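S.K.: Sharing a structure here in structure tokens format.
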Amino acid sequence: GAGVSQTPSNKVTEKGKYVELRCDPISGHTALYWYRQSLGQGPEFLIYFQGTGAADDSGLPNDRFFAVRPEGSVSTLKIQRTERGDSAVYLCASSLAGDTEAFFGQGTRLTVV
Amino acid sequence: KQEVTQIPAALSVPEGENLVLNCSFTDSAIYNLQWFRQDPGKGLTSLLLIQSSQREQTSGRLNASLDKSSGRSTLYIAASQPGDSATYLCAVPTQGGSEKLVFGKGTKLTVNP
């Protein structure tokens, strides 16, 4: 596609439920990143994929968070046993390689009630 | 650990005014610096990417400068318009690599008609 696409744009879930957030990067971009942005803050890094593998997952806050990119294109961020503190905007970005310009999607606003 | 600071946190100006947004970072060993725009409830739009070998980049009414040695960048907006109202974020790669970005908290700009 023309840009990075994220679905859903909004997700409301109950505490304790499982959610999946999807990111479709720009075609041909090998690098894919997930960030999380809380109100009034800048985005914070979660995980980085180069191709199919997670090159750096040091930003994942705990083992309830997991992400996959099985075919080196679409990525899914998975959150188990959601907590109210997980509420944030989850942003996905892609780039041609790790050190070039990053392009962001519109984000998924996750609200845990 | 790379840290990014943006000053001011908020800025309100009348239409037509020229303005400067500031960004500082603690580790000068960076590959590049990127400026983004974020509209309320939206994702990030890349404005300018400055490579470490460059001192400035221009796009339309926007001009970004980079001084690696002092750990500073500025975003200059000429002849501001109400449509420029948004939050402006700067981001730099983390130490030693360029795969993940560290963001400032942003400057919220309001241009009054």
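S.K.: Assuming R0 = 30 Å, can you tell me the calculated FRET efficiency for the pair B:E56 and A:Q50, based on Cβ-Cβ distance, to the nearest 0.05?
M.R.: 0.50
S.K.: Take every Cα-Cα pair in segment B:12-113 and report what % of them are more than 20 Å apart.
M.R.: Percentage above 20 Å: 35.
S.K.: What is the average number of partner chain Cβ atoms found within 10 Å of a Cβ in B:29-35?
M.R.: That works out to 1 on average.
S.K.: Here's another thing I want to ask about it. Under a point spin-label approximation (7 Å from Cα along Cα-to-Cβ), what is the A:D57-A:Q41 distance to one decimal in nm?
M.R.: Using points 7 Å along Cα→Cβ, the separation is 2.1 nm.
S.K.: I've got another one for you. Suppose we look only past 25 Å in the calculated P(r) of chain A. What percent of the Cα-Cα pairs does that tail hold?
M.R.: Numbers: 925 of 6328 pairs.
Of all Cα-Cα distances in chain A, 15 percent exceed 25 Å.
S.K.: Same structure again: What ³J(HN,Hα) values, in whole Hz, does the Karplus curve 6.51 cos²θ - 1.76 cosθ + 1.60 give for segment A:36-48 when θ = phi - 60°, with x put for Gly and Pro?
M.R.: My calculation for segment A:36-48 gives 10, 10, 8, 4, x, 10, x, x, 10, 5, 10, 7, 10 Hz in order.
S.K.: Hey, another quick one. If you filter segment B:68-113 for chymotrypsin sites (Phe, Trp or Tyr not before Pro), then keep DSSP loop positions with at most 12 other Cβ within 10 Å, what is left?
M.R.: Filter output for segment B:68-113: empty list.
S.K.: Could I ask something else about it? Check chain B and count each lysine pair with an alpha-carbon distance under 24 angstrom, considering only pairs eight or more places apart or from different chains.
M.R.: Lysine pairs meeting both conditions in chain B amount to 9.
S.K.: Give me the extension gain from A:F66 to A:T30: residue separation times 0.36 nm, minus the current Cα-Cα distance, reported in nm with one decimal.
M.R.: Using 0.36 nm per residue and subtracting the Cα-Cα distance, I get 11.0 nm.
S.K.: Something else now. Hey, got the average number of other protein chain Cβ atoms within 10 angstrom for residues in B:56-65?
M.R.: Details: counts 0, 0, 0, 0, 0, 0, 0, 0, 0, 0.
Counting other chains' Cβ atoms within 10 Å and averaging over B:56-65 gives 0.
S.K.: Moving to a separate point now. Just to confirm my numbers, what's the Cα centroid distance between segment B:44-113 and segment A:47-104 in Å?
M.R.: Here the two parts' Cα centres lie 24 Å apart.
S.K.: Compute the convex hull volume of the Cα atoms of the protein assembly as shown, divide it by the residue count, and report the result per residue in Å³ as a whole number.
M.R.: Once divided by residue count, the hull of the protein assembly as shown is 119 Å³.
S.K.: Calculate the spin-label point distance for B:D27 paired with B:E15, positioning each point 7 Å from the Cα along the beta-carbon direction, and give it in nanometres.
M.R.: 4.4
S.K.: Please calculate how many Å² of accessible area segment B:21-91 carries per residue, with a 1.4 Å probe and no DNA, RNA or ligand atoms counted.
M.R.: Normalised by residue count, the accessible surface of segment B:21-91 is 43 Å².
S.K.: To the nearest whole number, what is the average tally of beta carbon atoms from other chains within 10 Å of the beta carbons of peptide A:30-39?
M.R.: 2
S.K.: Something else: How big is the B/A interface in buried accessible area, both sides summed, 1.4 Å probe, to the nearest 100 Å²? Walk me through the intermediate numbers first.
M.R.: Values: alone 6060 and 6140 Å², together 10610 Å².
Buried: approximately 1600 Å² between A and B.
S.K.: Continuing with the same structure: How far apart, in nm, are the 7 Å Cα→Cβ label points at B:S46 and B:N63?
M.R.: 2.3
S.K.: Something else: How much length is gained on full extension from B:I7 to B:K105, taking 0.36 nm per residue of separation minus their Cα-Cα distance? Walk me through the numbers before you get to the answer.
M.R.: Details: separation 98, 0.36 × 98 = 35.28 nm, distance 0.92 nm.
Additional length available on full extension: 34.4 nm.
S.K.: I would also like to ask the following. To the nearest 20 debye, what charge dipole does segment B:16-81 have about its Cα centre, counting +1 at the Cβ of each Lys and Arg and -1 at the Cβ of each Asp and Glu?
M.R.: In total the dipole reaches around 80 debye.
S.K.: Once the piece of chain linking A:R22 and A:A97 is laid out straight, how much longer is it, given 0.36 nm per residue of separation minus the C-alpha distance between them?
M.R.: Gain in length upon complete extension: 25.0 nm.
S.K.: Within chain A, which is the longest segment containing none of the GluC sites (Glu not before Pro) that sit in a DSSP loop and have at most 11 other Cβ atoms within 10 Å?
M.R.: A:15-70
The values are calculated or read from the model by the stated rules, or taken from the named source; none is laboratory data. Worth saying up front: this structure is predicted, and the values here are computed from it rather than measured. In this analysis, Cβ positions are derived from the backbone assuming ideal geometry, glycine residues included, and neighbour counts consider all displayed protein chains. Accessible surface areas use protein heavy atoms only, side chains included; no ligands, DNA or RNA. Shrake-Rupley method; radii C 1.70, N 1.55, O 1.52, S 1.80 Å.
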